[in-house]
């Protein structure tokens, strides 16, 4: 039997596997939600408990692609000296901004970041997840990715997205210096996590690079260079790479293949047929069932139908992985996730 890991690898190689692989988590928090676990309290427990909860939920719903890194971006800000707050219904949130002027950037200590106990715990969770995966002894091992943030989104978390957006026009020296730092931060974070053997790839979230936030021109000028540097500097690890950008990014999809990224996950606002045409087989495509109007609000039969529409639009010639269009909330019923997964497992047989 072909394992989940092998099927995911085939898709990243732009091949057409025996069935369409799927994942349920972009941010990674959903398994903790459905198990009723508070992340703040979980931090005081063994990393093996978090890994077991996380892996069990993904296994239960037949997910092939698993991202590990709940709260990773907030933990980075915490490690830099920022204040974060924990929510019972979501990932940790950033409470206060660290950057108020260009001089503040020099005060950030990149080397000290990875002494953070929270980040060490997170890496230990990844290692324990790998152990659980290896216990399958090739019996449907899943594809494990570590989740983090892109340089542009990290910059927004340090400076504030509204101030960053204005600074693209009014204070480019501040933006350029901050992006230099966040690029190094992003690279260092992924290297730190990839010290765990058995991780298959990196998942890069870049919600602030959305077409709803920045223009295509600014995307090309301020987003593409940092993303390219991250991929280039991690190339020696020979790992798969996937980026998710929220909102409608149709007007900038053509810029992504030049970065070296292997696959892009798109929001439900993006037309999959059009995205496939633009990418033209250069990189893989993932997405994009609406996480609210479909997965959360419709019944299981309707979820199955809507999921099949996404598969019909994009999966026919391979190089496609089924994902929600954005992160899913605790309100999504597990029966709907099962219908979502079932559509992917049965779709090939329906052709």
**Report entry** Considering residues of region 93-125 that are in a helix (DSSP H, G or I) and without any contact (Cβ under 8 Å) to a residue 40 or more places away in the chain only, the residue farthest from the chain's Cα centre (by Cα)
**Finding:** 103
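Collect the residues in region 137-149 that are in contact (Cβ under 8 Å) with a residue 40 or more places away in the chain and either assigned to a loop (DSSP other than H, G, I, E, B) or out of contact with any strand residue (DSSP E or B) (no Cβ under 8 Å at 6 or more places or on another chain) (or both), keeping them in residue-number order.
Applying the first criterion (in contact (Cβ under 8 Å) with a residue 40 or more places away in the chain) to region 137-149 yields 138-149.
Residues satisfying the conditions are 138, 139, 140, 141, 142.
Kindly evaluate residue 308 against the criterion of being in contact with a helix residue (DSSP H, G or I) (Cβ under 9 Å, 6 or more places away or on another chain), surrounded by fewer than 22 Cβ atoms within 10 Å (Cβ to Cβ), more than 29 Å from residue 179 (Cβ to Cβ) and in contact (Cβ under 8 Å) with a residue 40 or more places away in the chain.
On the way: in contact with a helix residue (DSSP H, G or I) (Cβ under 9 Å, 6 or more places away or on another chain): yes; surrounded by fewer than 22 Cβ atoms within 10 Å (Cβ to Cβ): yes; more than 29 Å from residue 179 (Cβ to Cβ): yes; in contact (Cβ under 8 Å) with a residue 40 or more places away in the chain: yes.
Against the criterion (in contact with a helix residue (DSSP H, G or I) (Cβ under 9 Å, 6 or more places away or on another chain), surrounded by fewer than 22 Cβ atoms within 10 Å (Cβ to Cβ), more than 29 Å from residue 179 (Cβ to Cβ) and in contact (Cβ under 8 Å) with a residue 40 or more places away in the chain), residue 308 qualifies.
Got a sec? Which of 184, 128, 195 is farther than 30 Å from residue 19 by Cα and assigned to a helix (DSSP H, G or I)?
Working: 128 fails: farther than 30 Å from residue 19 by Cα; 195 fails: assigned to a helix (DSSP H, G or I).
Testing whether each residue is farther than 30 Å from residue 19 by Cα and assigned to a helix (DSSP H, G or I) leaves just 184.
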Report task. Tell me which residues, restricted to region 5-24, are crowded, with 23+ Cβ neighbours inside 10 Å and touching a helix residue (DSSP H, G or I) at 6+ places or on another chain (Cβ under 6 Å). Result -> 20, 21, 22, 24
Report summary line: Residue hits (region 226-242; more than 15 Å from residue 183 (Cα to Cα), in contact (Cβ under 8 Å) with a residue 12 or more places away in the chain and not in a helix (DSSP H, G or I)) are 239, 240, 241, 242
Query raised in the report: When residue 318 is evaluated against the numbered criteria (1) crowded, with 22+ Cβ neighbours inside 10 Å; (2) in contact with a strand residue (DSSP E or B) (Cβ under 9 Å, 6 or more places away or on another chain), which criterion, by number, is the only one it fails?
Result: (1)
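Inside region 1-62, counting only helices (runs of 4 or more DSSP H) that do not spill past its ends, which hold 2 or more residues that are within 20 Å of the chain's Cα centre (by Cα) and modelled with pLDDT of 90 or more? Step through it out loud before you land on a result.
Numbers: elements: 4-12, 30-34, 39-42, 47-60.
In region 1-62, the matching helices (runs of 4 or more DSSP H) lie at 4-12, 47-60.
The values are calculated or read from the model by the stated rules, or taken from the named source; none is laboratory data. Predicted model only: the values in this text are computed from it and were never measured. Cβ atoms come from the backbone with ideal geometry, glycine included; neighbour counts cover every protein chain shown.
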